[in-house]
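So the structure is just underneath, and the comments pick up after that.
The values are calculated or read from the model by the stated rules, or taken from the named source; none is laboratory data. All values derive from a computational prediction rather than experimental measurement. Positions of Cβ are backbone-derived with ideal geometry, glycine not excepted, and every protein chain shown enters the neighbour counts.
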Amino acid sequence: MPIFKDKKYFRVDLEKKLDESLWIRCKSCGQLVFKRRVRENNNICPHCGAYFFLTAKERLESLIDPGTFIDISEPIMDDDPLTFTDTKPYPKRIEEAQEKTGLASAIILGSATVTEIPIVIGVMEFQFIGGSMGSVMGEQICRGMEEAIQRRVPFVLVSSSGGARVQEGIFSLMQMAKVAAVRTRLGDEGIPFISIMTYPTTGGVQASIASLGDVIIAEKGATIGFAGRRVIKDTIAEELPEDFQTDAFALAHGVIDRVVPRESLKEELGKLLSLFAEVA
């Protein structure tokens, strides 16, 4: 049975706005804020400084130079190799996620520039079944790394994921090995790989490709870990630190290289890309 199937396919349109409302309420301070002001402030509340959740499209727009994105994703769609049904059939879950996000899968993949430096970039969409890595996401990430090798440009991956996609079983788990193998080719070819972890980066994504960057950045406030806190606590029968699986904990234990505030992410990414360019 094929893992992928071709059908109606979405191309990423960064200009399309799914929500046209003018105002948004901050869940942290309760203030009603003009949405345009929030967007101009890196999707940070101007009253209390709390971060608003970013879609993959918003995240992409915040990092790249305007007007430089070109969709290079493969026209493939998730199949249902296990005929999986939980509270609803897997194909129905996929269809609802596509309608909600306007995306074909849980990742956006394209070429762009950051501070005029060419890159290939992938950005995960958490609202698409928890940003879970199924067969299509794994294939798109591999496609992105192969394209970066061909173009001789850095590869950037922005993670926001709950991990492997349970509806695809072993097909999903196989993606961890698959993307790690292609990532090895990046290193062999001397192509830089910058991994950016955002809220949340967990499960099989954190345990594989997100942790394999030459440089690993975490956005301030990111949750970083493998299994859930309760699962780990019950398994090892020990109390966990209060800051367990936070950005600060990951930095202190060498999981990541740097924690960066959202408003500084593009600048930090530009500095790293410039450094790699100088070394090359």
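Here are a few things to note about the model shown:
- Checking each residue in region 63-82 for being among the β-branched types (Val, Ile, Thr) and at pLDDT 95 or above picks out 64, 68, 70, 72.
A quick yes/no check of all residues on (1) under 28 Å from residue 149 (Cα atoms); (2) aliphatic (A, V, I, L, M):
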| residue | (1), (2) |
| --- | --- |
| 179 | yes, yes |
| 204 | yes, no |
| 222 | no, yes |
| 225 | no, no |
| 238 | no, no |
| 251 | no, yes |
| 265 | yes, yes |
| 270 | yes, no |
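- Checking each residue in region 126-170 for being within 20 Å of residue 84 (Cβ to Cβ), surrounded by fewer than 24 Cβ atoms within 10 Å (Cβ to Cβ) and over 15 Å from the mean Cα position of the chain (by Cα) picks out 135, 166, 167, 169, 170.
- Positions within region 125-147 being closer than 15 Å to residue 186 by Cα and in contact with a helix residue (DSSP H, G or I) (Cβ under 7 Å, 6 or more places away or on another chain), in sequence order: 141, 142, 145, 146
- Selection of region 251-280 for residues being in a loop (DSSP other than H, G, I, E, B), among the hydrophobic types (A, V, I, L, M, F, W, C) and touching a strand residue (DSSP E or B) at 6+ places or on another chain (Cβ under 7 Å) yields 255, 256.
- Within the option set 114, 123, being touching a Leu at 6+ places or on another chain (Cβ under 8 Å), under 26 Å from residue 218 (Cβ atoms) and surrounded by 24 or more Cβ atoms within 10 Å (Cβ to Cβ) holds for one residue only, 123.
- Candidate set: region 171-200, residues that are buried (at least 24 other Cβ atoms within 10 Å of the Cβ) and of a type in the set (A, V, I, L, M); chosen: the one nearest to residue 128 (Cα to Cα): 197
- Search result, residues across region 201-223 that are buried (at least 22 other Cβ atoms within 10 Å of the Cβ) and part of a strand (DSSP E or B): 201, 202, 216, 217, 218, 219
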